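S.K.: Below is a structure I'd like to ask you about.
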Amino acid sequence: MKNSRRSRVILLALAAAWSQYSPAAVNVDRTRIIMDAPQKTVAITLNNDDKTTPFLAQSWVTDADGVRTDALMALPPLQRIDAGQKSQVRITQVRGLTDKLPQDRETLFWFNVRGVPPKPEDDNVLQLAMQSQLKLFYRPKAIIRSSSDQPERKLTAERNAGHLTLRNPTPYYITVAWLGADRSHRLSGFREGVMVPPLGNLPLKAVLPAETRTLWVGYIDDYGGLQMNRYACDALNCAFKDAGRHHDRTIIQYEITDTVRCIFFSLLSVILRRQLSNGHIVMPLGVLTSRILILKQGNMAQVMKLQTIKDIPFSYTCITAINTYSEPYNATISLKNVQPMVEALKKSGLGMELFIQEGSRDPVKFSWREIQAGFAGWSSSKIFGQELEQNKTYNLTGKLTVRIYVEQSFKYGFLNINVPASTFDILPYKPSTVPSPTKPYTPLSVSAFNIRMIPDNSGKVIISPSATIKMGHFYTEYKETMVPREVPFTVTAQQNVGTQIPFDAPLAIEFRTNGLTLADADSAVLLKNDKQEYNGFRLSVIDVDNNTPVKFNMKTDMGSIHLDNGTGGKIIKQYKAKVEAIPGAVIKTGAFSAAMTVIVTYN
């Protein structure tokens, strides 16, 4: 009986090793690509994960039907990547061709990468070249969105003879990866993720019972994250209700795949892997290399909370087999491999607390003291999951919360903290009275991120040629003076304080009207004469870059400023003040003025 059980264990271990190490050697640093129209190029990082063999990486772009396109080009199309090394490929748009694409919606392309191994020395062998294909969305200028926008929530589901039809009123492709009456059980007939075209419909075979009044819809966002939203259903339709507080979209962005899976084997081993065959997991705790956490303060007091990254969701399926030890099965987290993150925070006078929760169970807390001691070994791990019985399958969900705070008081100017990548290990049990796991398992990886501290009053805003813009005179007797009048001006954001390490910081600009009467969807101000009567004129501010009026009292991207050791960092934005008569309005004479505040902040 023992021999029979041992043979099953060996077969399972071999299957696990094959599934974990069979992915292509050349992998891409993301799961999807967004290319906004103003971007000339997008840089993609390719990794040769084979530590011993160089590979050729062949890259190209195809349209939605798989036909090679000239509108977007991958350069270089062919390159060598040595063993264990990285390289870049740039996707470049050909303006004359992308201008002919639809301007009211996204266009779908596919980015293809094929890893070609060296010619084998042996004869009569089968050699496979692995190929990755990623969705590439070209986003026209008219529909560019900010990181906080969530147009996917406008998606609706229509009941039709017991089945569902997804209706997408937005100009974006929406990839739906989950449909279920709850967050653990898929709807019958919904097996794989589907993509709903912009301004289109998609009928599904998914069955939603007539009595069901709640539908959970999970879509993949721009960063590859699974966003779960709760929909309310009536007899005909299901529409977004609320986010159920399952996501707190802070300025930290994240990557995650559709569903994280863990498989428990009978020798108390665990494999935690993605549904996609990339061989590792990027949990939604770090940030993409293009994103930063910006904190604005001056004096940093002890225990001051800087940032809380709240309720980061993950889900997993646990399949338990025969337990040959007395230790029960419970999902357990170990901080044995978070030392790089801990050392970076500690060196900068910062601390961190971690909370992990499975389902509705009480969250398990790691204090800063426990986190610092956590990478000393397995003994400091903590159980956070329910006890799991043998030979059963569990579909489970969890969430992480991280709080970063000041441990040591300090005062700073500009400060840029680089926090390297680290990993949290999820185990099937707590290795206290029994040996630690010996089978391979994939950790939850936290990508590297930056914490940038930017002091108050670190820059100044200059309006040229003057902060007072003179619009001249309008004479009702002379029609030639009643035409719209435009006066150009510039807004310059300039660095005041030097930084130890140069870096780029994104800026946002806002024209605040301070109680003036707005019109034309907040893009114009109604002017008054010196008697406080509306004089029949309106004022707007035109963004010269796109020749459109700005939205007042709303932050918009200004661009990125390069902050250096001195005070040379600056960014200049061109605008025009425009005054014109309102068609059909009564013109009343008298002097007029309007005072606005221009606010430039770190975005």
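S.K.: Residues Ser367, Ser381, Ser360: which one is within 26 Å of Ile417 (Cα to Cα) and at pLDDT 80 or above?
M.R.: Ser367
S.K.: Here's a follow-up. Tell me, yes or no, whether segment 569-577 has at least one residue that is in a loop (DSSP other than H, G, I, E, B) and either modelled with pLDDT of 90 or more or not polar (S, T, N, Q) (or both).
M.R.: Yes, because at least one residue in segment 569-577 is in a loop (DSSP other than H, G, I, E, B) and either modelled with pLDDT of 90 or more or not polar (S, T, N, Q) (or both).
S.K.: Just to be sure, is Val497 in a loop (DSSP other than H, G, I, E, B), of a type in the set (Val, Ile, Thr) and either at pLDDT 80 or above or crowded, with 18+ Cβ neighbours inside 10 Å (or both)?
M.R.: Considered against the rule, which asks whether it is in a loop (DSSP other than H, G, I, E, B), of a type in the set (Val, Ile, Thr) and either at pLDDT 80 or above or crowded, with 18+ Cβ neighbours inside 10 Å (or both), Val497 comes out as no.
S.K.: Between Thr332, Thr317, Thr308, which is at pLDDT 80 or above and among the hydroxyl-bearing types (Ser, Thr, Tyr)?
M.R.: Thr332
S.K.: Of all residues in segment 154-174 being under 20 Å from the mean Cα position of the chain (by Cα) and without any contact (Cβ under 8 Å) to a residue 60 or more places away in the chain, which is surrounded by the most Cβ atoms within 10 Å (Cβ to Cβ)?
M.R.: Among those that are under 20 Å from the mean Cα position of the chain (by Cα) and without any contact (Cβ under 8 Å) to a residue 60 or more places away in the chain, it is Ile174.
S.K.: On the given criteria, is Thr170 assigned to a loop (DSSP other than H, G, I, E, B), on the phi < 0 side of the Ramachandran plot, among the polar types (S, T, N, Q) and modelled with pLDDT of 90 or more?
M.R.: yes
S.K.: Residues to consider are Asp543, Asp530; find the one that is surrounded by fewer than 14 Cβ atoms within 10 Å (Cβ to Cβ), among the acidic types (Asp, Glu), at negative phi and touching a residue at least 12 places away in the same chain (Cβ under 8 Å).
M.R.: Asp530
S.K.: Being at pLDDT 95 or above and either under 30 Å from Asp545 (Cα atoms) or exposed (fewer than 15 other Cβ atoms within 10 Å of the Cβ) (or both) narrows it down to one of Leu72, Leu97, so name that one.
M.R.: Unique residue meeting the criteria: Leu72.
Residue by residue, here is whether (1) of a type in the set (Gly, Ala, Ser); (2) assigned to a strand (DSSP E or B); (3) modelled with pLDDT of 85 or more; (4) buried (at least 16 other Cβ atoms within 10 Å of the Cβ) holds:
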position: Ala508; (1), (2), (3), (4): yes, yes, no, yes
position: Ala521; (1), (2), (3), (4): yes, no, yes, no
position: Gly566; (1), (2), (3), (4): yes, no, no, no
position: Val579; (1), (2), (3), (4): no, yes, yes, yes
position: Gly590; (1), (2), (3), (4): yes, no, no, no
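S.K.: Just need a number here: residues in segment 16-59 that are among the aromatic types (Phe, Trp, Tyr) and at pLDDT 80 or above.
M.R.: Looking only at that region, the number is 1.
S.K.: Exactly one condition in (1) farther than 24 Å from Arg105 by Cβ; (2) part of a strand (DSSP E or B); (3) among the polar types (S, T, N, Q) is not met by Ser184; state its number.
M.R.: (2)
S.K.: Sort out which residues of segment 36-57 are of a type in the set (A, V, I, L, M, F, W, C) and out of contact with any helix residue (DSSP H, G or I) (no Cβ under 9 Å at 6 or more places or on another chain), and write them in order of number.
M.R.: Matches in segment 36-57: Val42, Ala43, Ile44, Leu46, Phe55, Leu56, Ala57.
S.K.: With the structure loaded, tell me whether Gly351 is in a strand (DSSP E or B), over 19 Å from Asp425 (Cα atoms) and of a type outside the set (S, T, N, Q) or whether it fails that test.
M.R.: Yes.
S.K.: So, of the residues in segment 392-416 that are more than 29 Å from the chain's Cα centre (by Cα) and modelled with pLDDT of 80 or more, which turns out to be nearest to Thr499 (Cα to Cα)?
M.R.: Per the criteria, the residue is Thr393.
The values are calculated or read from the model by the stated rules, or taken from the named source; none is laboratory data. What you are looking at is a predicted structure, and each value in this text was computed from that prediction instead of being measured. Glycine also receives a Cβ, built like all others from the backbone with ideal geometry; neighbour counts cover every protein chain displayed.
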